[in-house]
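Peer 1: I'd like to ask some things about the structure below.
The values are calculated or read from the model by the stated rules, or taken from the named source; none is laboratory data. Not measured: the values here are computed from a predicted model. Don't worry about glycine lacking a Cβ; one is built from the backbone with ideal geometry, like all the others, and counts go over all protein chains shown.
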Amino acid sequence: MTIRPGSRKSPLRGVRLAQQAALLAAPPRTTAVHALADAPQRLVGEARMQGVLVITFCAAFSLIGLLMMMQGGERIREVRQTEAWRTVQGVVEASDVYVMAGSQGEQWRPHVTYSYAVSGRLIVSTRMSMSKPRFEETREQALAYLARYPVGSSVTVRYNPVDITQSVLDTDTPASAYVNLLFGCALALIGPTLLASFRRSPGLRAHWPVRTDAAVTGG
């Protein structure tokens with residue numbers, strides 16, 4: 001029997017065909033290299049976005065803190081001004097308690113009406129202090145506050161010499177003013193503190209490993 005040349009498949013030819021098929025199926029090397037080269041740029045973009053968010057977050061904290069500090073400082077300043085106002089004796093005309101419904105339930109507001117005379121002019125007022133109207137959680141607390149101002153009693157009235165219709169009976173600084181001032185200081189300091197810790201934290205910085213760059217350039 002005559003065997004024609006090339007009728008039998010050579011083992012080496014099969015190996016070559018398998019290698020060519022593997023090369024065709026594998027992704028181009030340039031694609032993987034480009035993907036590795038673009039990765040540092042993506043990390044830089046993500047780091048910048050993260051930095052913008054952190055700066056915005058810290059700025060919001062500081063802004064809220066500054067607003068609270070301004071509000072508390074303004075109330076303290078107003079109370080300090082009333083201490084320098086002129087004084088005159090007045091009379092309590094009425095003393096009542098009003099109930100008001102709020103989001104936290106019923107609140108009781110003590111209400112005092114008093115009168116005083118300046119330069120022959122009789123003035124009637126209900127303003128107790130420079131702060132917001134006083135509210136108590138229970139009726140008993142409101143009545144306890146009104147016990148300081150019984151009807152017909154004499155009270156010391158402080159009035160503004162520039163505008164004699166502005167007057168107060170209570171010159172105590174409200175606790176809420178100090179709370180706003182202190183809490184505002186804390187919030188204002190939290191912003192720079194968080195920003196400084198972010199800048200110092202190595203875990204929040206995007207650094208591409210040197211060995212990867214070497215692998216890409218090394219080919």
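Peer 1: Provide a single number: the residues in region 79-91 that are of a type in the set (D, E, K, R) and either farther than 11 Å from Asp172 by Cα or at pLDDT 85 or above (or both).
Peer 2: Residues in region 79-91 being of a type in the set (D, E, K, R) and either farther than 11 Å from Asp172 by Cα or at pLDDT 85 or above (or both): 1 in total.
Peer 1: Could I ask something else about it? Out of (1) among the charged types (D, E, K, R); (2) at pLDDT below 70; (3) in contact with a Ser or Thr (Cβ under 6 Å, 6 or more places away or on another chain), the odd one out for Asp170 is which?
Peer 2: Unmet for Asp170, out of (1) among the charged types (D, E, K, R); (2) at pLDDT below 70; (3) in contact with a Ser or Thr (Cβ under 6 Å, 6 or more places away or on another chain): (2).
Peer 1: Somewhere in region 110-132, is a residue within 37 Å of the chain's Cα centre (by Cα), at pLDDT 90 or above and of a type in the set (D, E, K, R)?
Peer 2: yes
Peer 1: Residue pairs, Cβ under 8 Å, 6 or more apart or interchain, first in region 103-122 and over 11 Å from Phe135 (Cβ atoms) and touching a residue at least 24 places away in the same chain (Cβ under 8 Å), second outside any strand (DSSP E or B) and of a type outside the set (Val, Ile, Thr). List them.
Peer 2: As it stands, the answer is Val112/Met128; Val112/Leu146; Val112/Tyr149; Val112/Leu169; Tyr114/Tyr149; Tyr114/Leu169, since those pairs meet every condition given.
Peer 1: Follow-up question, since we're still on this one. Residue check: is Val79 outside any loop (DSSP other than H, G, I, E, B) and over 40 Å from the mean Cα position of the chain (by Cα)?
Peer 2: No.
Peer 1: Restricting to region 116-169, give me the number of residues that are of a type in the set (Asp, Glu) and in contact with a Gly (Cβ under 7 Å, 6 or more places away or on another chain).
Peer 2: Residues that pass the stated criteria total 0.
Peer 1: Here's something else I'd like to know. Within the bounds of region 63-75, is there any residue that is in contact with a Ser or Thr (Cβ under 7 Å, 6 or more places away or on another chain), closer than 30 Å to Leu187 by Cβ and either acidic (Asp, Glu) or not assigned by TED's automatic domain parsing to the domain that holds Pro192 (or both)?
Peer 2: Yes.
Peer 1: When residues of region 95-123 are filtered for being of a type in the set (A, V, I, L, M) and surrounded by 13 or more Cβ atoms within 10 Å (Cβ to Cβ), how many remain?
Peer 2: So the count comes out to 5.
Quick grid of which residues meet (1) within 35 Å of the chain's Cα centre (by Cα); (2) within 27 Å of Glu74 (Cα to Cα); (3) modelled with pLDDT under 80; (4) buried (at least 16 other Cβ atoms within 10 Å of the Cβ):
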{"position": "Ser154", "(1), (2), (3), (4)": "no, no, no, no"}
{"position": "Ile164", "(1), (2), (3), (4)": "no, yes, no, yes"}
{"position": "Leu204", "(1), (2), (3), (4)": "yes, no, yes, no"}
{"position": "Ala214", "(1), (2), (3), (4)": "no, no, yes, no"}
